[in-house]
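*Asks:* Shown below is the structure under consideration.
The values are calculated or read from the model by the stated rules, or taken from the named source; none is laboratory data. All values derive from a computational prediction rather than experimental measurement. In this analysis, Cβ positions are derived from the backbone assuming ideal geometry, glycine residues included, and neighbour counts consider all displayed protein chains.
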Amino acid sequence: MDNEKTCSLCGKPLSKYGNRKIKDGVLCRNCIKAASPWLTEEAYEKLSLDDYRKHLEYRELNKEKLKAFEAAKSIAGKYSLYLDEKDQQFLISKRKDYKKENADVMSLDDIREITIYEERYLDGNDVDICFDMKLKNDQIGDVCFRVNEFPGLIRDSEEHKAALDLALSYLDAFENEDGLDFEQAEGESDE
Ligand SMILES: [Zn+2]
């Protein structure tokens, strides 16, 4: 069997687009459907096929965790934050119907560091506001997303202020949780 042409997990022929490289193979578009949306390309590249199988098992268990998840508090945005204070858990989802999406339920204890930063476009002054969480979670190490709905904000515009306010309100929601202890940094990125 030619490893370059077939999916390492299901063995079906790979399509031209939508495949993901892993450490010891390639996954087809269909086999990555059930994966966490927070897995970045770099995260995939570090996974072995066995790691990925474990990830899928984790995703199945997540469905059970979601059934018990009760969002007592939420902050709406392009990505919405839902907090289950009773169980000290949270999730972040682009969709209202986060159960259908099987959004990853994460523990507040997993938060190691939160950074809000501006990403500046190389060819101008436009920026995006990014919210980045480093987690000590063995399946998802990093949750990073653009806070503004549409890319490219003009600095000090209304939209820019609104996006920054939203990012800070996510941060406040986490900070208001008792006993939560993580490093916090605010900065700028020129990437
Ligand atoms: Zn496959």
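*Asks:* Do the conditions hold for D104, that is, is it outside any helix (DSSP H, G or I) and at pLDDT below 95?
*Replies:* For D104, the condition - outside any helix (DSSP H, G or I) and at pLDDT below 95 - is not met.
*Asks:* Residues of the stretch 152-180 being in a loop (DSSP other than H, G, I, E, B) and either in contact (Cβ under 8 Å) with a residue 24 or more places away in the chain or surrounded by 17 or more Cβ atoms within 10 Å (Cβ to Cβ) (or both), which ones?
*Replies:* G152, I154, R155, E177, L180
*Asks:* Sticking with this one: Wholly within the stretch 1-93, which strands (runs of 3 or more DSSP E) include no fewer than the required count, namely at least 2 residues that are away from the ligand (no atom under 16 Å from the Cβ) and in contact with a strand residue (DSSP E or B) (Cβ under 9 Å, 6 or more places away or on another chain)?
*Replies:* 73-75, 80-84, 89-93
*Asks:* Quick one: how many residues across the stretch 89-130 are exposed (fewer than 15 other Cβ atoms within 10 Å of the Cβ) and in contact with a helix residue (DSSP H, G or I) (Cβ under 7 Å, 6 or more places away or on another chain)?
*Replies:* Total satisfying the criteria: 2.
*Asks:* Output the qualifying pairs, or none if there are none: Cβ atoms under 7 angstrom, residues six or more apart or on different chains, first residue in the stretch 111-138 and not assigned by TED's automatic domain parsing to the domain that holds Y170, second residue charged (D, E, K, R) and modelled with pLDDT of 95 or more.
*Replies:* Note: no pairs meet the criteria.
*Asks:* Take R95 and tell me if it is free of Cβ contacts under 8 Å to residues at least 12 places away in the same chain and of a type in the set (K, R).
*Replies:* Against the criterion (free of Cβ contacts under 8 Å to residues at least 12 places away in the same chain and of a type in the set (K, R)), R95 qualifies.
*Asks:* Select, from S74, S48, the only residue that is over 30 Å from I154 (Cβ atoms), small (G, A, S) and out of contact with any Cys (no Cβ under 6 Å at 6 or more places or on another chain).
*Replies:* S48
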